[in-house]
Amino acid sequence: MTRGRTVAAVVAAVVAALVLTGFGFTWPFVIGWSLLVGALSLLAQLAVPLEPSADAPHIPVEPDRRPTEISRLAWALNTHTGLAGPQITRRVREALRHRLRHRGADPADPATRSQVIDLIGPDLWDRLQGPGTTIVDIERALEAIDALSPGPSAEITTTPDAPTSPTGRAPLFPRHRRSHDDIHRDR
């Protein structure tokens, strides 16, 4: 309990006493109701603190941990519709653009369009540009990023029952989810 909250409760009791006295009530009635108003204002401050984290313990956060960024990207994947949100699409698209530029193919340059198609396929870059990017498109883009890796690829281990892609990486979600064709058929 802070000093300011105690002063606020006393002020509320005094105001109640002045109002009741102004209406002509007797002193025992005024004192009783003023004490009740003061006590209720103190209890209200205890039950409803002004700042919810006032009594919470302070837990220091390590500066190298970034759980909010990871959780935002995870929530950008909608497994029910199979669509990927703009946050993860933008991140994957920029990583793919970076790898393509290292190979001398700029996706924004029409002159290198055929080289981009040779490296990642005919429609992948276009699929990453629109609002209808699916989880399958994100998986294909991640596989293309792995395939365009500048150095020797590290050995990737997967679980024995996990289906693997040509790059040896397990897909983001099992294929028992709705496929790309199912999503477009429902539209």
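In terms of modelled amide H atoms, which long-range or inter-chain residues lie less than 5 Å from the amide H of LEU77?
GLY85
How much solvent-accessible surface does VAL14 expose, in Å² to the nearest 10, with a 1.4 Å probe and all protein chains in place?
80 Å²
Under 5 Å between amide H atoms, partner at least 5 residues away or on a different chain: which partners does THR133 have, H built in plane at 1.01 Å?
ALA84
I'd like the accessible area for THR6: 1.4 Å probe, protein heavy atoms, all chains in place, Å² to the nearest 10.
60 Å²
Would you rank VAL11, VAL37, VAL116 by solvent-accessible area, highest first, keeping every protein chain in place and using a 1.4 Å probe?
Values: VAL11 80, VAL37 55, VAL116 5 Å².
Ranked list, largest accessible area first: VAL11, VAL37, VAL116.
The values are calculated or read from the model by the stated rules, or taken from the named source; none is laboratory data. All figures in this text were calculated on a predicted structure; none of them were measured in a lab. All accessible areas refer to the heavy atoms of the entire protein, side chains included, with ligands and DNA or RNA removed. Shrake-Rupley method; radii C 1.70, N 1.55, O 1.52, S 1.80 Å.
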